[in-house]
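Here the structure comes first, spelled out in structure tokens, and everything after it is commentary.
The values are calculated or read from the model by the stated rules, or taken from the named source; none is laboratory data. Computed from a predicted model, the values in this text were never measured in an experiment. Note: ideal-geometry Cβ built from the backbone for every residue, glycine included; neighbour counts use all protein chains shown.
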Amino acid sequence: MNLGTRKILDRSFTAVGFGSIAVMGIALLIVLAPIIYNGIGSVFFTGTLEHRNMLFNEFGRGDKEELVKENAASEVYRKQIYGMLDAFEAELETMEPEKKQDYLSKYGPVRTALQTLIGPLPGEETAILTRYKYGQTRWEKAEEKLHEFLYEAKWDYSNPDVMAKEYFVSRAAEFEGTSLVKLFPYVEKHLPDVLRPRFTVYWGFLTDSSVDSHIFGGIWPEIQGTFFLAVGAMLFAFPLGVIAAVYFTEYAREGFFNSILRSANSTLAGVPSIVFGLFGLAFFINTLKVSESKSVLAGSLTLAIMILPTIIRAAEEAILSVPKTYKEASLSLGSTKWNTIMTVILPAALPGILTGGVISLGRAAGETAPIIFTAAVSVGSAIGLADVFSSPTPALSWNIYNLASEHEAAAEIRHVQYGMVLALVSIVLLLNLSAIFLRARISKKLKG
Amino acid sequence: MTADSRETSQKEQVKTANREIYLPSERKNISGGGTPHVVAKDFSIYYGEFEAVKKVNADILSRYVTAIIGPSGCGKSTFLRAINRMNDLIPSCHTTGALRFDGEDIYGKFTDEVLLRKKIGMVFQKPNPFPKSIFDNIAYGPRLHGLNDRKQLAEIVERSLRKAALWDEVSDRLDKNALGLSGGQQQRLCVARALAVEPEILLLDEPTSALDPKATAKIEDLIQELRGSYTIMIVTHNMQQASRVSDYTMFFYEGVLVEYARTAQLFTNPKDRMTEDYITGRFS
């Protein structure tokens, strides 16, 4: 091969290498940017008066006097709106029955849309679900709902060859000639006066329980559940994994039995996580009956089984990478095998073992499938430490899935879902960073 | 070896066929030494089927320095490591015949290899301090054997470091990581670490092969200092080193102990043709 070809080959490898790293970076950015942007939006956003009312009523947070003042200011405009509704309702009574019926059928949705926008109207029964007790708590949602209030969405089916088209009809036009026609421009103009949007920092999103299945409130039960599950899994898997690794590297004799054990371990590492989930249900809950039904304990055990092979492998590699000379030195000083392992080999292998442990912890925190059948519930309050043996818990990974696919008002609370994703990604990232930090620190200490 | 004695030894150089050999200076006989400390009787070591050391018969004399030389793969390290049972780390390794330490069978059924290693210290080819502080390195052995009193430990650490001629260099940084020392210092630290357990025998497995000449000279001086207090066995590739530091020399070839004699005699007047060929550099 001549020099020119070799150079071209070398350069093309460099170029392809750089290229693939750049593609990865861009892909990561494309994935992460909306998560970060929207996730941050669950804490920092433009909140309305309704949000502050909700916080005060549900969590007892906020300045009461300030709220009273604000509500009074809002009431001025609300009164106008309510007055217009009353006037129209009175007008309806004077109409001919047919016309009245026609308007009534159009008036119902207007009322509902208005109620969604600014909260319950006077004269309504008190709602049971908390979500109906308040109007829009986030300004960007309020603007969306305002549009729904102002325009009726209709579908154009006229051309059967193409898909139906959505088009909007002004509701104001539908009420042309009645007193209600004034309502629409009034609400459009004075919505900020009614809802009083203001930049809000809601740290409670991370520390509050959810209210009415995540419509309001925060994600603390999920964060705590994830924490319990991951730490619980570590409690079981870490000691067991390190002991197993010590056995493999220091005590096991090479033989048929040992090679079977090793390949079993490797195979376990490749089993899909949903299989672990089903196994956990069948083994821990149905067979061993560690708890009556789903519980943090059962979930932790399942996660532990899932991350065990990774921990064993990481620990094994860490132990094998300890220079053999340390072991020789220790033994030559009259140390027992046990002592050598405890005082020389394990401390020297610690960076590697801990890295494996923390990465497994991150994996346990992020896994969904193993906890579906063993630990996770979609809605729940934060559980106490004493309840981990019997109670299931919400967890970030499972609730992200749940909010994305099964929640009845999924579209209304995308911000909560993004918030959860960001929280989970941050937790995993933080764990991995701490692993790197820990490794560097201990390695430095070992190297002197 | 002090500077003076090195000069004398240079005066004593003897020209052999094509190589300069330095003879050890006239050494004092060691009082109380010279009794058989380690005794091998038809002692063989196998790696699986392969016989690495073949039927060795030898008495290693107490408090003298015995060097083991021979070409690579001749079984000299294997023999050395058999004495404190470091070969146990190799699963396929087993022995026949007898190897006795103070009359007790090293490979006996009831021998506690941990106690044995406490009495037979070892220093390895590559300096292998633990990634701990200098103090903790030296104190490792005594702590293992149950000593926890900080003051006593400090005494042992100082004594051991002084014996290993390292005290003056490290006394002000005992709490620093031992891996920060130079290679030669690390090796002397390893000697000090071995001495801290107060062994009777010190096995040195090519202790200077990873060191520069200056550090090598220091280790050799150290061996001279320790001569008379410990039974020392040193495996070396370097024949000049063997002649400089040892009282007795064993020459191994392909697992066989070809010749075992006083160093001066072995290097000047070898009985065996093979020994002569080796020390004169006809093969290596």
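With a requirement of 1 or more residues that are over 18 Å from the mean Cα position of the chain (by Cα) and of a type outside the set (Phe, Trp, Tyr), the strands (runs of 3 or more DSSP E) lying completely within the range B:23-102 that satisfy it span B:36-47, B:50-61, B:93-101. If the condition is being within 20 Å of residue B:34 (Cα to Cα) and not aromatic (Phe, Trp, Tyr), then the range B:240-256 contributes B:242, B:243, B:244, B:245, B:246, B:247, B:249, B:250.
Looking across A:443, A:434, one residue alone is within 14 Å of chain B (Cβ to nearest Cβ), farther than 24 Å from residue A:44 by Cβ and touching a residue at least 24 places away in the same chain (Cβ under 8 Å). It is A:443. When residues in the range A:100-133 are screened for being under 24 Å from the mean Cα position of the chain (by Cα) and either part of a loop (DSSP other than H, G, I, E, B) or outside the structural domain of residue A:187 (by TED's automatic domain parsing) (or both), 1 of them pass. For the range A:354-362, the criterion of being within 11 Å of the chain's Cα centre (by Cα), crowded, with 20+ Cβ neighbours inside 10 Å and at pLDDT 90 or above is met by none of the residues. Across the range A:310-338, which residue is nearest to the other protein chains (Cβ to nearest Cβ) among those that are part of a helix (DSSP H, G or I) and surrounded by fewer than 18 Cβ atoms within 10 Å (Cβ to Cβ)? The extreme case among them is A:325.
Of the candidates B:209, B:246, B:229, the single residue that is in contact (Cβ under 8 Å) with a residue 24 or more places away in the chain, buried (at least 22 other Cβ atoms within 10 Å of the Cβ) and of a type in the set (S, T, N, Q) is B:246. Among the residues making up the range B:169-180, those that are more than 9 Å from chain A (Cβ to nearest Cβ) and under 22 Å from residue B:215 (Cβ atoms) are B:169, B:170, B:171, B:172, B:173, B:174. Of the helices (runs of 4 or more DSSP H) lying entirely inside the range A:190-282, the ones with 1 or more residues being of a type in the set (Val, Ile, Thr) and more than 25 Å from the chain's Cα centre (by Cα) are found at A:220-246, A:256-269. Across the range B:107-132, the number of residues qualifying as in contact with a strand residue (DSSP E or B) (Cβ under 6 Å, 6 or more places away or on another chain), under 20 Å from residue B:183 (Cα atoms) and more than 7 Å from every other protein chain (Cβ to nearest Cβ) comes to 2. Considering (1) modelled with pLDDT of 90 or more; (2) out of contact with any Gly (no Cβ under 6 Å at 6 or more places or on another chain), the lone condition that residue A:55 does not fulfil carries the number (2). Considering only residues in the range A:81-99 that are surrounded by fewer than 17 Cβ atoms within 10 Å (Cβ to Cβ) and under 43 Å from the mean Cα position of the chain (by Cα), the one that is farthest from residue A:194 (Cα to Cα) turns out to be A:83. With the structure loaded, tell me whether residue A:386 is under 30 Å from residue B:140 (Cα atoms) and not β-branched (Val, Ile, Thr) or whether it fails that test. When the stated conditions are applied, residue A:386 does not pass them. Taken over the range A:203-217, residues that are under 18 Å from residue A:393 (Cβ atoms), aliphatic (A, V, I, L, M) and modelled with pLDDT under 90 amount to 1. Does the range B:148-168 contain at least one residue that is facing chain A (nearest Cβ under 8 Å) and basic (Lys, Arg)? So far as the range B:148-168 goes, no, none of its residues is facing chain A (nearest Cβ under 8 Å) and basic (Lys, Arg). Candidates B:198, B:259: the one that is within 14 Å of chain A (Cβ to nearest Cβ) and either out of contact with any helix residue (DSSP H, G or I) (no Cβ under 7 Å at 6 or more places or on another chain) or crowded, with 17+ Cβ neighbours inside 10 Å (or both) is B:198. Any residue at all in the range B:64-78 that's out of contact with any helix residue (DSSP H, G or I) (no Cβ under 8 Å at 6 or more places or on another chain), surrounded by fewer than 21 Cβ atoms within 10 Å (Cβ to Cβ) and away from chain A (no Cβ under 14 Å)? Checked the range B:64-78: at least one residue is out of contact with any helix residue (DSSP H, G or I) (no Cβ under 8 Å at 6 or more places or on another chain), surrounded by fewer than 21 Cβ atoms within 10 Å (Cβ to Cβ) and away from chain A (no Cβ under 14 Å).
Of all residues in the range A:339-356, exactly one satisfies the criterion of being among the polar types (S, T, N, Q) and at the interface with another protein chain (Cβ under 7 Å from one of its Cβ atoms), namely A:339. Checking each residue in the range B:99-114 for being aliphatic (A, V, I, L, M) and within 19 Å of residue B:60 (Cβ to Cβ) picks out B:99, B:106. Within the range B:168-187, residues that are under 16 Å from residue B:158 (Cβ atoms) sit with their Cβ atoms under 6 Å from residues that are assigned to a strand (DSSP E or B), at 6+ positions apart or across chains, in these pairs: B:175/B:133.
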